[in-house]
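Peer 1: Structure provided below as structure tokens; questions to follow.
The values are calculated or read from the model by the stated rules, or taken from the named source; none is laboratory data. All values reported here derive from a predicted model rather than from experimental measurement. No Cβ is skipped: glycine too gets one built from the backbone with ideal geometry, and neighbour counts run over all protein chains shown. For accessibility, only protein heavy atoms count, side chains too; no ligands or nucleic acids. Shrake-Rupley method; radii C 1.70, N 1.55, O 1.52, S 1.80 Å.
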Amino acid sequence: MSKFLDKKLESLVPYTPGEQPKMKKLIKLNTNELPYELPKSVVEKITQKISTLNRYSDPEASELSEAIANEFGVQRECVYTGNGSDEVLAFIFQALCENGAAFADLTYGFYSVFAELYGVNKKIIPLEEDFSINLKKYSNLKETIFIANPNAPTTLALSSSEIETFVVDNPQTLVVIDEAYVKFGAESCVELTKKYDNILIVGTFSKSYGLAGARLGYAIGDKELIKDLNLVKFSFNPYNTNTLTQKAGVSVLEESEYFAKCVEKICNTRDKFIEEIRKLGFVCADSKANFVFTKHEELSGEYLQNKLRENQIIVRRFDNNRIKDYLRITVGTEEEMETLLNSLKDIVGEK
Ligand SMILES: *Cc1c(COP(=O)(O)O)cnc(C)c1O
């Protein structure tokens with residue numbers, strides 16, 4: 001670090017993104033992307049916009065916000081768009097966490113990083129022994145609550161009725177539900193935003209709409225909450241979503257059926273894969289996401305991860321004692337998962 005760095009940032013530990021390997025032939029199951037390429041129709045619509053890049057993007061992201069509002073059946077004023085949901089979450093930590101932020105010990109790593117970055121007090125609430133979230137432990141908090149639903153990396157989800165009960169019982173607490181993986185098997189809480197002003201949904205186009213590289217996220221909530229997010233955005237970067245990304249978002253929503261089929265394929269592949277690895281001695285909960293979270297009864301996480309890497313397959317593992325033997329494996333194409341399964345059979349057989 002330079003001698004000019006602000007003291008407040010000296011101890012900041014940044015988020016570690018999953019590796020984006022330069023080698024093409026690796027099987028990449030480490031960052032929960034959709035493994036399928038975009039349909040031609042989407043590519044063509046985005047391409048048509050390239051010649052307009054001499055102009056700034058629409059700061060209101062009007063067409064896109066309208067499309068998101070339609071998709072979710074909410075009013076346009078209840079939709080906010082951002083440069084990936086990471087940016088949306090960052091703005092929430094900056095603007096809506098005056099009394100701190102509460103979240104689980106095992107959840108999306110960025111919550112903790114954003115709290116550090118913006119000087120927000122953290123209240124860490126450990127998950128239960130089985131990795132489930134006990135909402136009772138979040139009752140009567142003054143902090144803004146962040147829940148990834150389904151949770152990452154645990155793949156477990158709360159029902160929308162459990163969340164509704166909590167939101168009703170805690171009207172003074174803002175509850176942020178991060179629905180990055182919701183389409184892979186959990187219930188969305190978007191409907192609740194029409195009834196309650198203390199729930200804010202954050203979503204992304206990175207996982208179920210195949211736009212990880214476009215950087216597009218959104219929030220849906222009471223229009224006053226959306227105004228708060230716009231206050232930060234228009235004080236920071238009014239053009240946070242670029243022209244191509246806005247068009248990409250509109251275009252994938254026009255192909256909803258295609259992406260619904262992709263999601264269905266992933267879920268089927270996932271469920272078959274879980275069944276197979278259980279036979280090999282892996283412990284694995286039923287997953288509500290596009291990844292599985294699993295450990296082997298005998299082999300360490302580090303050993304498995306290294307062995308897979310030798311076989312050109314990359315998966316994610318976390319530096320946390322509670323889950324050091326777990327692997328988080330993104331569900332890829334059917335062929336990729338078959339290759340992975342064969343590798344695992346070899347590795348488990350060897351030992
Ligand atoms: C991937 C992910 C995000 C970030 O999504 P982007 O829109 O790509 O920034 C947010 N929350 C969770 C839980 C995620 O897994």
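Peer 1: Which cross-chain or sequence-distant (5 or more) residues have an amide H under 5 Å from the amide H of A180, H modelled 1.01 Å from N in plane?
Peer 2: N149
Peer 1: Using each residue's phi in segment 209-225, evaluate 6.51 cos²θ - 1.76 cosθ + 1.60 at θ = phi - 60° and report the 3J(HN,Hα) Karplus result to the nearest Hz, with x for Gly and Pro.
Peer 2: 10, x, 10, 3, x, 7, 6, 9, x, 8, 10, 10, x, 3, 4, 5, 5
Peer 1: Tell me the carbon and sulfur percent of the accessible area for segment 114-266, rounded to whole percent, probe radius 1.4 Å.
Peer 2: Working: 3160 of 6410 Å².
Result for segment 114-266: 49 percent of the exposed heavy-atom area is carbon or sulfur.
Peer 1: How far, in nm, would the chain grow between Y56 and K265 when pulled straight, counting 0.36 nm per residue and subtracting the alpha carbon separation?
Peer 2: Gain on stretching Y56 to K265: 71.5 nm.
Peer 1: Please list the non-local residues whose amide H lies under 5 Å from the amide H of A104, H modeled 1.01 Å from N, same-chain partners needing a gap of 5 or more.
Peer 2: So A104 has HN proximity to I125.
Peer 1: May I pose another question? Sorting K272, K207, K279 by accessible area (1.4 Å probe), largest first, what list results?
Peer 2: Numbers: K272 110, K207 35, K279 140 Å².
The most accessible residue leads, giving K279, K272, K207.
Peer 1: Mind listing the long-range amide H neighbours of L200? Cut-off is under 5 Å, sequence gap 5 or more, other chains count too, H placed in the peptide plane at 1.01 Å from N.
Peer 2: Correct list: V175, V176, I177.
Peer 1: Which sequence of D319, D86, D346 reflects their accessible areas, 1.4 Å probe, from the largest down?
Peer 2: The residues order as D319, D346, D86, largest area first.
Peer 1: Please work out how much length the chain gains when fully extended from L12 to K345, using 0.36 nm per residue of separation minus the C-alpha to C-alpha distance, in nm with one decimal.
Peer 2: Additional length available on full extension: 115.8 nm.
Peer 1: Hey, rough spin-label estimate for S300 and E335, points 7 angstrom out along Cα→Cβ, what's it come to in nanometres?
Peer 2: With each label placed 7 Å out from Cα toward Cβ, I get 3.5 nm.
Peer 1: Calculate the FRET efficiency for D286 and D197 from the Cβ-Cβ distance with a Förster distance of 45 Å, rounded to the nearest 0.05. Don't skip to the end; give the middle numbers.
Peer 2: Numbers: r = 34 Å, r/R0 = 0.75.
E(calc), rounded to 0.05, equals 0.85.
Peer 1: Using the heavy atoms of the protein chains and a 1.4 angstrom probe, tell me the accessible area per residue for segment 127-264 in square angstrom. Please report the intermediate quantities before stating the final value.
Peer 2: Working: 5510 Å² over 138 residues.
I get 40 Å² per residue for segment 127-264.
Peer 1: As a test, work out the antiparallel percent of DSSP beta bridges whose residues both lie in segment 157-291, rounded to the nearest 5.
Peer 2: Working: 5 of 9 bridges.
Of those bridges, close to 55 percent are antiparallel.
Peer 1: Now for a separate question. Do the alpha carbons of any pairs in K8/K207; K28/K272; K136/K223; K25/K307; K207/K247; K261/K324 sit beyond 23 Å of each other, and which pairs?
Peer 2: Beyond 23 Å: K8/K207; K136/K223; K261/K324.
Peer 1: In sequence order, what are the phi-derived ³J(HN,Hα) couplings for segment 149-154 according to the Karplus relation 6.51 cos²θ - 1.76 cosθ + 1.60 with θ = phi - 60°, rounded to whole Hz, with x for glycine and proline?
Peer 2: For segment 149-154, the Karplus curve yields 9, x, 7, 10, x, 7 Hz.
Peer 1: When the distances between all Cα atoms of segment 195-351 are binned every 10 Å from zero, what whole-number percent does each bin get?
Peer 2: Distribution as computed: 9, 29, 26, 22, 12, 2 percent.
Peer 1: Can you compute the FRET efficiency between Y239 and E19 using 1/(1 + (r/R0)^6), with r the Cβ-Cβ distance and R0 = 25 Å? Round to the nearest 0.05.
Peer 2: Working: r = 30 Å, r/R0 = 1.18.
The computed FRET efficiency comes out at 0.25.
Peer 1: Still on this model: Provide the percentage of antiparallel DSSP beta bridges, counting only those with both residues in the chain; round to the nearest 5. The partial results should precede the final answer.
Peer 2: Numbers: 17 of 34 bridges.
Bridges in the chain that DSSP calls antiparallel: roughly 50 percent.
Peer 1: For a quick size check, give me the Cα extents of the chain along its three principal axes, largest first, whole Å.
Peer 2: Principal extents (largest minus smallest coordinate, Cα): 58, 52, 50 Å.
Peer 1: Continuing with this model, one more query. When the Karplus curve 6.51 cos²θ - 1.76 cosθ + 1.60 is applied with θ = phi - 60°, which whole-Hz ³J(HN,Hα) does each residue of segment 235-240 get, with x for Gly and Pro?
Peer 2: 9, 10, 7, x, 9, 5
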